[in-house]
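The values are calculated or read from the model by the stated rules, or taken from the named source; none is laboratory data. No experiment lies behind these values; they were computed from the predicted model shown. Here the Cβ positions follow ideal geometry from the backbone for every residue, glycine too, while neighbour counts run over all protein chains shown.
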Amino acid sequence: MKQVSFQSPSMPGGRAARLQVILFSLSVLFTAEGREMPQPHLRVEVDPRHELISIVHYISGFTIEGWQLKTGLDFDYARAAEAWFSPHRNHPAVKRFEELSKSGFTLSVPMAAMLHVSDPPDLILIHALPERTARRGGGEESFREFMALLGDFAVTARFAEFRSIHQAAYTSMVSGYREKLGGRDYVGHLERYMGYPQHSYNVILNPLLGPFNIGSRIRHEDGLSDIYNISGPKSVEQGQPVFGSADGIRNLIWHEFAHSYTSPLVEEHREALEESSALFEPMKAYMARSGYPVWTNCVDEHIVRAINIRLCDREISAEEAQRLLDMDLKNGFVFVPPLLELLKEYEAGRIQYPRLDHFFPRITALFAERASHAE
């Protein structure tokens, strides 16, 4: 079994970080015996960085046919933003956004990119841009130039003043989202299931975004991440944007945050998983249309959906878990049932497999076995 070493600057050889992970793994076992673990903190906010770039998008003329990239809902905040910022739609930042968007800086890319900069108006890079994000932003220098224009837009359009005036709206959005959580520790359920913590768990409410949920993360040198879900409104109630139903928010937290655990593992085991890629051929066209154009993307999505169902079965009800399974099968995720059976072995063997990464070779072996039987 591969040993993972987490480095810490405070103790030689990363002993402090390794001790933290060991203690967390032991705490998972104690939880199985009925002891309570500390509840991880879920941060929910309206982030000024994402709000700012979405305002620029909202007043711009950029669209993609068939995609609702910005909200089409009618509510108080959206009308206020339109009235306040539309006089600045000819600002160079808006024009530059339109140019970049036509070159691929759209959908999830700008939302992920804003996690790498400081708050407006400075918008200075504080984390290195991923290569894909930088490329679709025209390169790092082009992105820096765009951030400078965006910062000038924030000053010229008095973005900070707008934020100050609408603090009550932000508070209402956040409290409405937390009410849908109903006090349930969904992040804790996921963290205990995976067997190790991430650095932080964050939901960013973006009132001008289309009805999307965008997952992203900032990965640190120790292999753990600050993980994010950027959520657009799905409906309106009493003049306020609503960011999903209670069930939808629960599944979203489990699904999107699970990717921050599974995606690095899929990448780590990419070579082994590619050996089973023949399984992808019968489903390739359909999965590509659904947003999973390569085999490893498809595997990752299958694993996350299976984990979501197991969490639902354990924490909510067997009926809700079956509903999710039926939906996944209808959508073509045919390997979810065998993954569910395999995950039950993981759950029963947490002394041997205290963490999902310890168990992951069993998952790659499942796909290898399926591929050998398909030959």
Only one of (1) outside any helix (DSSP H, G or I); (2) more than 16 Å from the chain's Cα centre (by Cα) is not met by G291, so which one is it?
(2)
Taking the residues in region 223-239 that are surrounded by fewer than 16 Cβ atoms within 10 Å (Cβ to Cβ) and among the polar types (S, T, N, Q) as candidates, determine which candidate is farthest from the chain's Cα centre (by Cα).
Q238
I need every pair where a residue in region 237-260 that is within 11 Å of Y177 (Cβ to Cβ) has its Cβ under 6 Å from the Cβ of a residue that is in a strand (DSSP E or B) and at pLDDT below 95, sequence separation at least 6 or different chains.
L252/N213
Test: H358 is in a helix (DSSP H, G or I), more than 18 Å from R250 (Cβ to Cβ) and without any contact (Cβ under 8 Å) to a residue 40 or more places away in the chain
no
Looking at region 58-99 only, could you name the residues that are among the β-branched types (V, I, T) and either part of a helix (DSSP H, G or I) or more than 27 Å from the chain's Cα centre (by Cα) (or both)?
I59, V94
Going by what's in this entry, would V109 be described as within 27 Å of Q240 (Cα to Cα) and either among the basic types (K, R) or without any contact (Cβ under 8 Å) to a residue 40 or more places away in the chain (or both)?
yes
R219, sole failed condition from (1) charged (D, E, K, R); (2) in contact with a strand residue (DSSP E or B) (Cβ under 8 Å, 6 or more places away or on another chain); (3) within 24 Å of R314 (Cα to Cα)
(3)
Result of the Cβ filter at 7 Å on region 131-151, keeping first residues that are closer than 15 Å to M114 by Cβ and partners that are surrounded by fewer than 17 Cβ atoms within 10 Å (Cβ to Cβ) and modelled with pLDDT of 95 or more, at least 6 apart or interchain, is R144/L125; L149/P92; G151/D122
Taking the stated definitions as given, is G210 modelled with pLDDT of 95 or more and surrounded by 17 or more Cβ atoms within 10 Å (Cβ to Cβ)?
no
If I filter region 186-203 down to residues being in a loop (DSSP other than H, G, I, E, B) and touching an Asp or Glu at 6+ places or on another chain (Cβ under 6 Å), which single residue comes out as surrounded by the most Cβ atoms within 10 Å (Cβ to Cβ)?
P197
Looking at region 168-187, is at least one residue under 27 Å from K95 (Cα atoms), of a type outside the set (S, T, Y) and in contact with a Pro (Cβ under 7 Å, 6 or more places away or on another chain)?
no
Filter region 260-276 for residues that are over 14 Å from S225 (Cβ atoms) and crowded, with 20+ Cβ neighbours inside 10 Å; the one that is farthest from the chain's Cα centre (by Cα) is S276
